[in-house]
Amino acid sequence: MSQTKDNLNQQIHLGRRKKLRARFLDNGLDTFNEYEVLEFALGFCIPRQDTNPAAHSLIDHFGSLQAVIDAKPADLQKAFGIGAQSGVFLHFLKQFSSYLMKQTVNNAVIKTPEQAIKYLAPLLRTYTVEKFVIVCLGSSGKVKKVYHVTNHELDMVHVNMREIVSLVTATKTAQVVMAHNHLNDDPQPSVADMQLTRRLAMTLQNLGIKFLDHIIIAGDQDYSFHCSGLLDTLKSNTTHK
């Protein structure tokens, strides 16, 4: 009787995997909820078990799919249904995604705020700590280098301006876009954000480098200093100081 029940569960499990696979091949992950995304991913490293319970356990424990992917392998292994290999695999997925994002810089061109947001938003949304990013551009707008600075103090005033000068001059930068992420869903700039923007505008002006924009990404929201007119105001204040 027990063997019959096990065979039935296995058939149901295999049928579900086939359906998920077919949906993925037809539509990608657009029709998946976060439990199904994780269940599907776990299927690549747990081939002979039902990964649906493990997916629910992980997301319920950590709070979201993003939190699961951000978790350390050792913490993942403590959760239901996750062994060492699965923990490493989930950790790999985040690193792989970030790696691919960084590889896209090679052929990117940024000439407008919209292009800057499109380019930077997917990258900044992967971070779970506040990151400060400097995008170095050539005179034609081609991305030459992207520098990532972790700001552990979460205080934009204390970003090291000397470090930024060193980076942009070493890259022979003609233009700069600055960006950072807010950990909440509010992209509106703080007083510290505005102070940093003004300081950077002054510094780059003295170096003969064009400062194009400061982009803030917060969840699904974004803010452009250029589009809001705030960048021109800060630059004007810089000129008259």
Residues of the range 193-241 being without any contact (Cβ under 8 Å) to a residue 40 or more places away in the chain, out of contact with any strand residue (DSSP E or B) (no Cβ under 8 Å at 6 or more places or on another chain) and over 21 Å from residue 117 (Cβ atoms), in sequence order, are 195, 199, 202, 206, 208, 236, 237, 239, 240, 241
Given the criteria of a type in the set (Phe, Trp, Tyr) and in a helix (DSSP H, G or I), does residue 32 qualify?
no
State all residues of the range 128-154 that are at pLDDT below 90 and on the phi > 0 side of the Ramachandran plot; if no residue qualifies, say none.
154
If I ask for residues that are outside any helix (DSSP H, G or I) and more than 19 Å from residue 24 (Cβ to Cβ), which ones from the range 50-91 would you list?
63, 64, 71, 72, 78, 79, 80, 81, 82, 83
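For residues in the range 155-195 being among the hydrophobic types (A, V, I, L, M, F, W, C), in a loop (DSSP other than H, G, I, E, B) and surrounded by 14 or more Cβ atoms within 10 Å (Cβ to Cβ), which is modelled with the lowest pLDDT? Break it down into steps so the answer makes sense when it comes.
So in the range 155-195, the residues among the hydrophobic types (A, V, I, L, M, F, W, C) come out as 156-157, 159, 161, 164-165, 167-168, 170, 174, 176-179, 183, 191-192, 194.
Checking which are in a loop (DSSP other than H, G, I, E, B) leaves us with 159, 174, 183.
When the remaining residues are screened for being surrounded by 14 or more Cβ atoms within 10 Å (Cβ to Cβ), the result is 159, 174.
Working: 159: 68, 174: 95.
Only one residue tops the list, namely 159.
Can you pull out the residues in the range 119-136 that are of a type outside the set (A, V, I, L, M) and either part of a helix (DSSP H, G or I) or crowded, with 17+ Cβ neighbours inside 10 Å (or both)?
Here is the first cut: in the range 119-136, the residues of a type outside the set (A, V, I, L, M) are 119, 122, 125-128, 130-132, 136.
Once the filter is applied, which keeps residues that are of a type outside the set (A, V, I, L, M) and either part of a helix (DSSP H, G or I) or crowded, with 17+ Cβ neighbours inside 10 Å (or both), the range 119-136 yields 119, 122, 127, 130, 131, 132, 136.
Given the condition at pLDDT below 85, surrounded by fewer than 17 Cβ atoms within 10 Å (Cβ to Cβ) and under 23 Å from the mean Cα position of the chain (by Cα), answer yes or no: does some residue in the range 59-66 qualify?
Pass one, the range 59-66, residues at pLDDT below 85: 66.
From what's left, surrounded by fewer than 17 Cβ atoms within 10 Å (Cβ to Cβ): 66.
Going one step further and asking which of them are under 23 Å from the mean Cα position of the chain (by Cα), we end up with 66.
Yes, the range 59-66 contains a residue that is at pLDDT below 85, surrounded by fewer than 17 Cβ atoms within 10 Å (Cβ to Cβ) and under 23 Å from the mean Cα position of the chain (by Cα).
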So residue 147, is it in contact with a helix residue (DSSP H, G or I) (Cβ under 7 Å, 6 or more places away or on another chain) and either surrounded by fewer than 16 Cβ atoms within 10 Å (Cβ to Cβ) or among the hydroxyl-bearing types (Ser, Thr, Tyr) (or both):
yes
One residue is enough: does the range 1-17 have a residue meeting the conditions crowded, with 18+ Cβ neighbours inside 10 Å, farther than 30 Å from residue 119 by Cβ and at pLDDT 80 or above?
no
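The values are calculated or read from the model by the stated rules, or taken from the named source; none is laboratory data. Worth saying up front: this structure is predicted, and the values here are computed from it rather than measured. With ideal geometry, Cβ positions are generated from the backbone for all residues, glycine too; neighbour counts draw on all protein chains shown.
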